[in-house]
Amino acid sequence: MIKNYLSLVFLVFCISISFGQTTLSAGEVVITGFNSVNPDQFSFVLLTDVTNTTEIKFTDNGWFAGGGFRNNEGTLIWTATSDLPCGTEIIVDDQSPFTCSVGSITDSAGFGLAANGDQIFAYQGPDATPTFLYGVNFDALGWAPDAVNANTSALPATLTNAVNAIHLNEIDNAKYDCSVTSVPSLILAAVSTDTNWNIRNTTPFVLGGCTYTCGQCTSDTTWNGTAWDNGLPNMNTAAIIDGNYNTNTDGSFSTCILVVNSGAVLNVQDNTFIEVDSNIIADGEINVATAGSVVQIDDLSTVSGSGVMRVTKTTAIMDTAFEYTYWSSPTASTTIDNGLTEGNPIRRFYFDATNYLDATAETNNDNTPVDGQDDIDDNGDDWTLANGTDMMIPGVGYASTHRPDIFNFPGVGYDYTFEGPFNNGVITVPVYRNNSELDDNNWNFIGNPYPSAVDITPFFNLNSTAANPATGAILGDIHFWSHDTDANANNNGNEILNFTRADYATINSTGATSGNASNPPDPYIPSGQGFFVAMSDAANPISTTGDISESEVVFNNSMRSTGPNDQFFRNNTEHNKLWLNLTSDNGVTSQILVGYVPGATAQFDGNTYDSPRNMATGVFASISSMIPNTEKDFVIQGKATSDLSLDEIIDLGFNTSIDVPTIYTIAIQQVEGDFMNTQPIFLKDNLLNTIHNLKESDYSFTSESGVFNDRFQIFFNAEVLSNDDVTLDNNQLTITELANGDVQFSINANLNITNIQIVDLLGRTVYNLDGNDTTMVYNLDNLKKSAYIARVTLSNGQTITKKAIKRQ
């Protein structure tokens, strides 16, 4: 515009008394935009707290190289009318007189921005000896050798271009692009970089619009590839990575802002973490290993930059290329082809929960519908093939097998790499239920959207209807796929060969069980992990269309954790818990957990504490915990802490559809808590009237096919037995096949053998023999070459059960 020389001094809002004001230094104010097309406007941001009455001057006068202003233009004086925090942005607008969005402003006449080149200086103090705070130049000559006319200016000696001043060439209007809005030093550096500005002629910009936060960042520290220049970062310090950094050798750290400069590489290795209170700006590379974690805390924080962010996740050990892995992308803008590159293109699926309906069941995959549920979609249209160009939606689960052509070695895991900006902040995922069938489970397939683990406690607190009746959408348990068993034609499903639902691991607020009799999972959802949840029948729907109701699961940064973020399962707690495994000599694996935790009772408390073995229908054999007044079998049972005493009894259920000779074994997987660690744990076999100490050895037995919900019990009270009853284990019984085919039974104790029963693998008693000595020899010609169970009763009444094999 044409210079506007005014002869009057205008006062807007109020004039403040000039004492007690904040004395500023260069870079503690930045100019973030200007329009030189009518009306004149500019914006500036405070990069430190200022007190009431603080004055800052703005002028379009040029500066002589030898010192002093040309004084042929004008000066504005802005005054704070209250204490203002760091990050406050003020917009100044020529409305004849000038106005400002915060504080007050006076015009000493003559301030006007020339479209054909000009400058703006922010300063404090007298005009003869000013303290310059910031400078913007938008003349074609840039910072000139001297101020030769109204459009030119030298750069004051106390300012440095691209540090606390900027030149933008000759342009009418310009605005900082908000690429960095946190941490004063980072804002200053970003605003002073000309590539971070949007520029144009004629059409003015709408100034402002950024939200600047200084947060807890009171300083910054830079890694140069060898050391930090201002000490190890913390939650009050911005971390700037300007050289390669490896968390294995250089350490995990927390910071308020993370900046990775161009050319630098930050490698976050297994079992290490980077914790960021606010924003991540990556113009270099960030690589996160399979068990590494990057955690952002503020839900409003951002992820930006021109660099590359990668998360590599390693599958569980694979024996064949046909094993499925459940995925969820921890990065945004990632396609199926890019995230699941190693996945078989014809075996990459998502789960359409709107199509899931389980109104009938089948037996042994015979395709004959019967009343009941089997956790299988009746018409098989729930799993949907994903297109390679489909975006992997944050929080959605995907299932994929491996490409056979690159499956080179069984017995190893394979790496998958997800590339794109890290997912961050609040992420919502729709979940559905089909109301036309009320007895089924409303399964939905979702996943952890972050490059870090999710803690199940805050996840359940927000999303389960038991903990959050108002907005919670799901039951209080989740299910991981932990592939262990080969596909089988007798497993129910929509294929000729189907995997067993027994291979799911389950987690609720009581604890977790694995699907394969291995260590149970941590109470965390690893990054990149897809999992199943069930929408609750009690959930308030957001919408209902026909029989389908929709709600949502919410992820947010408060759930993220720097804790365990891998596929290796651990679980640590102060509460008493008991895990039991059922295995067999022909591949059965089943696990249960009974945990004594606050909030649970001995009755059914919902899935939050008690998880039914929903996915065990059609499983060949399983063990379960039984809860009174329910018809369900439970893979996890929570009980009150006050329920645990020496008189406690845990009822176990056992079922098997196996009709070939099989030896089953019940064993302790692990225990936690003082009581469980110090007390003996007895298994009572009510069918055989046998009591066995599982702390001393595993218990083997045989069974006919069927459901046996009253055969086994766990108890802890040794006083119900005689003292002798608990002194021996089956290691003190030896069974030896002699050269002539006879079989010798010997007990290593001052007790006699009074009776021996030989039971075959179908549970039938083949021999029932009497004895009266510590060693007994029998001719057992009727036994074929096979495995048997010997049930040996001693003179003190104790019975020892041991597996034996007839070889001759």
### Message
Please pick out the residue among 710, 698 that is of a type in the set (Asp, Glu), within 17 Å of residue 622 (Cα to Cα) and modelled with pLDDT of 90 or more.
### Response
698
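Give region 429-454 a look and list any residue that's assigned to a strand (DSSP E or B) and within 30 Å of residue 270 (Cβ to Cβ), or say none. Walk me through how you get there before you give the answer.
So in region 429-454, the residues assigned to a strand (DSSP E or B) come out as 429-434, 443-447, 453-454.
Hits for region 429-454 are 429, 445, 446, 447, 453, 454.
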### Message
Looking at region 160-171 only, could you name the residues that are in a loop (DSSP other than H, G, I, E, B) and surrounded by fewer than 21 Cβ atoms within 10 Å (Cβ to Cβ)?
### Response
160, 162, 163, 168, 169, 170, 171
#### Entry: Selected residue [of a type in the set (A, V, I, L, M), modelled with pLDDT of 95 or more and under 45 Å from the mean Cα position of the chain (by Cα)] from 76, 84
84
## Note on the structure
Checked 434, 444, 468, 463 against criteria (free of Cβ contacts under 8 Å to residues at least 12 places away in the same chain and not aromatic (Phe, Trp, Tyr)); the one match is 468
### Task
Identify the single condition in (1) touching a residue at least 40 places away in the same chain (Cβ under 8 Å); (2) acidic (Asp, Glu); (3) more than 18 Å from residue 349 (Cβ to Cβ) that residue 390 does not satisfy, given that it satisfies every other one.
(3)
### Query
Within region 172-192, can you find the residues that are among the β-branched types (Val, Ile, Thr) and at pLDDT 95 or above?
191
### Query
Considering region 69-91 alone, what residues qualify as being of a type outside the set (Asp, Glu), over 17 Å from residue 111 (Cα atoms) and part of a loop (DSSP other than H, G, I, E, B)?
80, 81, 82, 85, 86, 87, 88
### Query
Which of the residues spanning region 767-808 are of a type in the set (Val, Ile, Thr), over 30 Å from residue 660 (Cβ atoms) and surrounded by fewer than 16 Cβ atoms within 10 Å (Cβ to Cβ)?
775, 777
### Message
Of the residues 316, 332, 289, only one is closer than 25 Å to residue 524 by Cβ, of a type outside the set (D, E, K, R) and touching a Pro at 6+ places or on another chain (Cβ under 8 Å); which?
### Response
332
### Enumeration of residues in region 658-705 that are without any contact (Cβ under 8 Å) to a residue 60 or more places away in the chain and in contact with a Gly (Cβ under 9 Å, 6 or more places away or on another chain)
687, 704
### Query
Could you list, in sequence order, the residues of region 182-213 that are farther than 20 Å from residue 261 by Cα and in a loop (DSSP other than H, G, I, E, B)?
201, 202, 203, 204, 205, 206, 207, 208, 209, 210, 211, 212
### Task
Could you check, for region 234-243, whether at least one of its residues is over 24 Å from residue 49 (Cα atoms), within 29 Å of the chain's Cα centre (by Cα) and surrounded by fewer than 22 Cβ atoms within 10 Å (Cβ to Cβ)?
yes
### Task
Pull up region 234-261, narrow it to residues that are without any contact (Cβ under 8 Å) to a residue 24 or more places away in the chain and among the hydroxyl-bearing types (Ser, Thr, Tyr), then point me to the one that is nearest to residue 293 (Cα to Cα).
254
#### Entry: Residues located in region 87-102, provided they are within 18 Å of residue 33 (Cα to Cα) and not β-branched (Val, Ile, Thr)
87, 89, 93, 94, 95, 98, 100, 101
### Message
For the list (1) part of a strand (DSSP E or B); (2) surrounded by 15 or more Cβ atoms within 10 Å (Cβ to Cβ), I need the number of the one condition that residue 707 fails.
### Response
(2)
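What strands (runs of 3 or more DSSP E) completely inside region 720-808 contain at least 2 residues that are outside the structural domain of residue 655 (by TED's automatic domain parsing) and at pLDDT below 85?
Details: elements: 733-737, 743-747, 753-759, 765-773, 775-778, 786-794, 799-806.
Hits in region 720-808: 786-794, 799-806.
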#### Entry: Residue match in region 134-142 (condition: in a loop (DSSP other than H, G, I, E, B) and aliphatic (A, V, I, L, M))
yes
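The values are calculated or read from the model by the stated rules, or taken from the named source; none is laboratory data. Note that the coordinates shown come from a computational prediction; the quantities given were computed from them, not determined experimentally. Glycine also receives a Cβ, built like all others from the backbone with ideal geometry; neighbour counts cover every protein chain displayed.
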